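A short worksheet on the structure shown next.
The values are calculated or read from the model by the stated rules, or taken from the named source; none is laboratory data. Just so we're clear, the structure is a prediction, and the values are computed from it rather than from any experiment. Every residue, glycine among them, receives a Cβ derived from its backbone with ideal geometry; neighbour counts consider all protein chains shown.
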Amino acid sequence: MTAHSILIWSVAAAEMMIVLAMACAAYRMLKGPRAQDRVLALDAFYVCGMILILTFGIETSDIFYFEAVLVIALVGFVATAALAKFLMRGEPIE
Amino acid sequence: MSVLTRRVLPYPLLSAFLLIMWLLLNQSLSAGHLILGSIIGVAGGLAISSLQIPSGQVRNLHLLVQFAFIVLYDIIRSNIAVTRIVLTPGRVAKSGFLYVKLDIRNEYALAILACVVTSTPGTVWVNFDSAKGELLLHVLDLVDEDEWTDLIKNRYERLLKEIFE
Amino acid sequence: MMEVSPTLPAWVAIVTSILVLLGAALTLIGTIGLVRLNNFYSRVHPPTLGTTLGIGCVLLASMLYFSVVKQRLVVHEVLIAIFVTITTPVTLMLLVSAALRRDWAIGDPSVPVPPGLPEEAERPEPLPESDQPTS
């Protein structure tokens, strides 16, 4: 087994693991039990998405996947912060 | 610092940070990007200055670097600890809330402490009561309360105090 | 399937493999913890595995791999690292204090008084069981 085939297989294995991780996050997102669990799972989910796209970038040797990761990071942060703010103010209190 | 530099660069660190971000984003050190990045840095500093954020001062840059390495080491260590908790079958972590009395009041030191505590797996910063100087943490593996208090007080707070106060 | 350029040195391939696998494994462990642990405040901790070392390892791997493949220094991954390091604590702190307020509002006795509310404030009566935390 050459070093190159090790790289090929470990990138594939890493992608598999991250997809599994996304599945775990999605499970928690669907199951809840409460809204804050779902938001937390969403946060973990988009971080997994970022890592998946980074490994895609390595797999295809395409440097422009980086931009997509940056956009997900920005949008994900704003989304989670907004949802957390909503949980703080939108429900039982007030 | 002369009056002019203070007027153009109210937050020199922030401006430098913006310039570095710009150069990183463009992967370039060409003259054009240096000029453009400098303009963005100065403009960003001026825009932030209208928010009138209290200016902080790093007194000991050497210690700040040392602090960064300590934090990196702790993050690696607590990654291993949390991995062990998650992967041990049948183990229910004894997690709980913990109060720690803090002495530091500098906003920047507190902000850095908050980021460090929260991004280290195993501890989350919940709230800081500035009137009582009491910090509320949530710890995943709360077996020995003194150990965690000691970590915050002696490992982080003492260094941050020397860096900022 | 991935195509690796034949000129890629063996040590780069090995180090990249190790870093990518380590990062992916830590992220997976983090989300397993998210599923396994039994209450919200415990569940906040494991995902930070992914946002610290998990993404850090993958970014390092990407930096190393592209620097060698493109034959120039590729460091813009640092930007993502800085961004994630700054934003994760902010979102987690916001989320925890929101959760604290919500738990307090439904009269959960196990949580401390949330920020911004006086200690003596009267706790509301617990709501009907529909919105109660199950764990």
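Just to be sure before I move on: is A:Phe66 at the interface with chain C (Cβ under 7 Å from one of its Cβ atoms), part of a helix (DSSP H, G or I), at pLDDT below 90 and surrounded by 15 or more Cβ atoms within 10 Å (Cβ to Cβ) in the structure I sent?
Yes, satisfied.
Against the definition (outside any loop (DSSP other than H, G, I, E, B), within 12 Å of chain C (Cβ to nearest Cβ) and either loosely packed, with under 15 Cβ neighbours inside 10 Å or among the β-branched types (Val, Ile, Thr) (or both)), how does B:Arg6 come out, yes or no?
Spelling it out, it is not the case that B:Arg6 is outside any loop (DSSP other than H, G, I, E, B), within 12 Å of chain C (Cβ to nearest Cβ) and either loosely packed, with under 15 Cβ neighbours inside 10 Å or among the β-branched types (Val, Ile, Thr) (or both).
So that you can scan it fast, the table gives a plain yes or no per residue for (1) surrounded by fewer than 20 Cβ atoms within 10 Å (Cβ to Cβ); (2) within 12 Å of chain B (Cβ to nearest Cβ); (3) modelled with pLDDT of 85 or more:
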| position | (1), (2), (3) |
| --- | --- |
| C:Leu100 | no, yes, yes |
| C:Ala105 | yes, no, no |
| C:Pro109 | yes, no, no |
| C:Pro112 | yes, yes, no |
| C:Pro118 | yes, yes, no |
| C:Leu127 | yes, no, no |
| C:Gln132 | yes, no, no |
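Say we look at region A:30-51 and pick out the residues that are in a helix (DSSP H, G or I) and more than 8 Å from chain C (Cβ to nearest Cβ); which of these is surrounded by the fewest Cβ atoms within 10 Å (Cβ to Cβ)?
A:Leu30
Among the aliphatic types (A, V, I, L, M) and surrounded by fewer than 19 Cβ atoms within 10 Å (Cβ to Cβ): is that true of C:Met2 in this structure?
When the stated conditions are applied, C:Met2 passes them.
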